[in-house]
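These notes are about the structure you will find just below.
Values in this text are rule-based calculations from the coordinates and carry no lab data. None of the values given here were measured: they were computed from a predicted structure. Backbone-built Cβ (ideal geometry, glycine too); neighbour counts: all protein chains shown.
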Amino acid sequence: MVYQANVINIMIVSPGDVQDERNIIEERIWAWNSKHSEEKRIFLHPLRWEKDSFSEVGEHPQNFINQQVVDRSDMAIAVFWSKIGTATENHKSGSVEELEKHVDENKPAMIYFSKKDLPQNYDREQFDKLSEFKREYATKCLYSEYENHMKLIDLLDDHLHRAVVKMSKNIPSISEDNEIKIDKNVQASVPNLSELALQILLAANESSEKLVWKNQIIQTGENEFWKLVRAGDKQFGKEGDRRSQIESEHAVEELIKLEYLRGLSPENQLSEISKQGYDFIDKYTSSLNERNDSESETFGGELLLLQKMKRKGPINFTEYYERGLLNFPMHGDYYSTEFLSHSEMLSFKDDVDKLLETKLVDRKELDYPASHNYGETFVGDFLISPTSKGYQLLDAFQTS
């Protein structure tokens with residue numbers, strides 16, 4: 001859904017020893033957007049110098065970061081642990097310069113100091129400079145301390161929401177009919193869920209355990225192993241294709257960042273559908289059902305199959321004696337596989353026959369199985385893709 005919203009740029013400030021915390025801060029910003037952005041008509045945009053600045057010449061690098069990132073920020077979130085960072089021309093470090101320049105302009109800032117055990121190879125001089133900076137800031141503002149990442153997440157969620165509510169009192173509102181009341185408002189949208197992430201979430205929901213394995217180890221040979229994403233009965237990522245594996249892992253991280261999945265193990269190797277995930281699935285399913293109600297009076301499952309091909313591309317179907325496999329080509333390879341039971345396979349073949357009769361798809365017989373045999377009795381292999389007539393039908397439904 002596209003809607004209009006006021007944008008708040010949030011600068012993430014830190015030296016280089018808290019990369020995990022920087023990622024957590026960005027994740028919590030996106031989580032706030034997922035929960036509140038549409039309702040509040042406010043969109044939080046994280047700014048990170050490594051993503052939001054670009055190369056220039058002629059001045060000190062920190063000056064360019066100040067111009068490209070600091071000057072654009074409306075709020076700052078700073079985090080420190082064992083070091084203060086590299087000194088600049090006029091400040092103890094780049095992080096300190098960014099924070100002080102921001103605060104000097106009377107912009108709100110949230111500052112956090114880690115109480116985790118120091119790394120074994122920490123720099124004593126750096127830590128002493130950080131301690132001195134911390135004592136100085138104790139007289140200027142309130143800061144918070146955290147013992148672990150979970151504590152930081154709790155603090156961020158609470159403080160971020162309060163800060164946004166306070167700032168929103170001074171932000172021009174946007175009317176319910178999405179018309180901007182002042183010219184300087186910016187149109188923004190909550191990040192869309194990618195097709196692959198959607199397929200993983202729906203696949204998990206179709207299974208009884210509702211779980212997603214981020215890196216399930218699959219043995220493909222005597223000494224060959226691959227890590228693939230698995231949601232319910234469906235496998236995402238092709239064995240031997242590292243690109244498709246990375247894309248699948250990124251889709252899982254996308255779902256976790258939006259809080260549609262909830263991690264159950266370290267590094268979220270195993271996760272389950274969250275309440276927000278179920279709410280999203282309910283809305284998605286309801287919207288899909290409403291759109292297809294009138295269509296289903298004329299077409300059955302074959303229309304849904306045609307829609308799936310438009311979203312995911314041609315289907316390579318491999319038939320075995322007791323079941324079937326659906327592979328979806330992407331850039332010449334396969335990025336996901338669906339397993340069909342015997343009854344599902346028969347229903348699929350009926351839908352294909354109906355689409356062939358109405359010339360909505362083309363079918364190409366393959367001489368060899370494009371997917372792994374798994375030791376089962378191979379029956380046949382073919383590729384189907386929508387015809388121009390099929391695409392025209394889908395476009396007509398979409399605009400009707």
Exercise. State which entries of LYS257/LYS312; LYS308/LYS364; LYS257/LYS308; LYS40/LYS140; LYS210/LYS310 exceed 20 angstrom in Cα-Cα distance in the structure shown.
Key: LYS257/LYS312; LYS257/LYS308; LYS40/LYS140; LYS210/LYS310
Self-check item: Long-range amide H partners of MET110 with built H, under 5 Å
Solution: ALA76, ILE77, ALA78
Practice problem: Return the FRET efficiency for the residue pair ASN23, SER343: r is the Cβ-Cβ distance, R0 is 41 Å, and the value is rounded to the nearest 0.05. | Solution: 0.40
Exercise. Would you mind putting 357-364, 38-45 in packing order, based on average other-beta-carbon counts within 10 Å, highest first?
Key: 38-45, 357-364
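Most exposed first by the Cβ proxy, i.e. fewest other Cβ within 10 Å, how do LYS116, LYS140 rank?
Least to most surrounded, the residues fall as LYS140, LYS116.
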